[in-house]
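Take a look at the structure set out below.
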Amino acid sequence: MATYLIKRLFLMIPTLFGILVVSFLVIRLAPGDPAAEKFGGAGQAASGVNASRGTEAAEKRFRQRHGFDKPLPTQFAMYLNRLVHGDMIFFQSEQPIWKELWAALKITMLLNLIVFTLIYVAAVPLGIISAAYPRSTFDRFSTMALFIMYSLPSFWVAELLRQLAMQNWLWSSLGFQSRWPIMGLKSQNFDSLTSFEQLCDYAQHIVLPVLCLTYGGLAYVSRQMRAGMLEVIRQDYIRTAEAKGCSKARVILVHALRNSLFPIITLLASLLPFLVGGSVIIEVIFNIHGMGLLSYEGVLRREYDLVMTTLMLSAVLTLIGILVSDVLYVIVNPRVSFEDK
């Protein structure tokens, strides 16, 4: 196992470098640059018009100072040097990115950890029960409900919930003294609250964003779990266990469950990058200053270092997710060995 892990870690290096090169080219070949955004705006840069000679001179000095007037290979080398030394900056303010990046990353990771936990805690049992009793009333109803949930766009649901939360008459009729909080992650008087009140206030603020981020993934993962379980319980060894007199619960939970987890484990590699990616639409609607909103604003302002750092974090988590999935395959099913990979 140790040899396999070391080999995979070394293989990550050229993969990450290739991702770095492609990401750098895509971002740098897009119209505009930080100098145009800082001094003239993208529109002026595209039309070749500057407000004054002073602005043009300042823009030229800015490009020279940060190497934007140099060939792309030189710019890439300068970026690698900043990356190695950790000197990543916001070009608009010329300040390090780490403080804002870490603040946004904590928010996004906390929200998504809650979301992923809810998805798996609910989806796995739903998939197991649906597969254990196919074509039952529960299976038909849950399938219909989950397909409806999966088809609903998250931005539409988020805006609908936001509009409902703004209706004072709704909350007064339900016995609430004030309407449900919808913007940000805490109230204006958060610092004056007790620890328990702060926890309740934070929980109230994240309910709607977490709900909007959860229902789609819940529907998808539960269907994957159901499909994986149905495939396994049709195998010969499951019928043999049933013929020996094993109870249905033992057949499902002991003999079938481990092998049916393969699709769920595979999904792990695609879910991990969301820990740093966030959701731009949900964060904008609920005014959450997480990684999604920060990255989106970084793209608009041509903050190359911020965007590249976010892309690299997502790439690293994707590769780690794939590696963790491979390890979990062996743990779940000992018949799978590292030599098979």
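Placing pseudo-labels 7 Å out from each Cα toward the beta carbon at Val121 and Glu242 gives an inter-label distance of 3.2 nm.
For the chain, the longest principal axis of the alpha carbon atoms and the long axis of helix 72-85 meet at an angle near 70°.
Compared with the dominant Cα axis of the chain, that is its longest principal axis, helix 262-271 is turned about 20°. Can you give the relative contact order of the chain as a percent, counting alpha carbon pairs under 8 Å and 6+ residues apart? In percent, rounded to a whole number, it is 24. For region 184-207 versus region 90-121, the spacing of their alpha-carbon centroids is 19 Å.
Our summary of shape: the Cα atoms of the chain have principal axis extents of 88, 63, 40 Å, ordered from largest down, in whole angstrom. Taking Cβ atoms as reference points and 10 Å as the exclusive limit, the residues near Ile89 contribute a net charge of -3, counting Lys and Arg as +1 and Asp and Glu as -1. Rg and Dmax of region 246-308, both derived from C-alpha coordinates alone, stand at 19.9, 63 Å. Shape descriptor for region 99-300: Rg over Rh equals 1.07 (Cα atoms; Rh from the Kirkwood inverse mean 1/r).
Only lysine pairs 8 or more places apart or on separate chains count here, and in the chain those with Cα atoms under 15 Å apart total 4. Centroid-to-centroid, using Cα positions, region 236-294 and region 8-28 are 28 Å apart.
Quick note: the coordinates plus some simple rules give every number you see, no bench work behind them. Values in this document were obtained by computation on a predicted structure and should not be read as measured data. Positions of Cβ are backbone-derived with ideal geometry, glycine not excepted, and every protein chain shown enters the neighbour counts.
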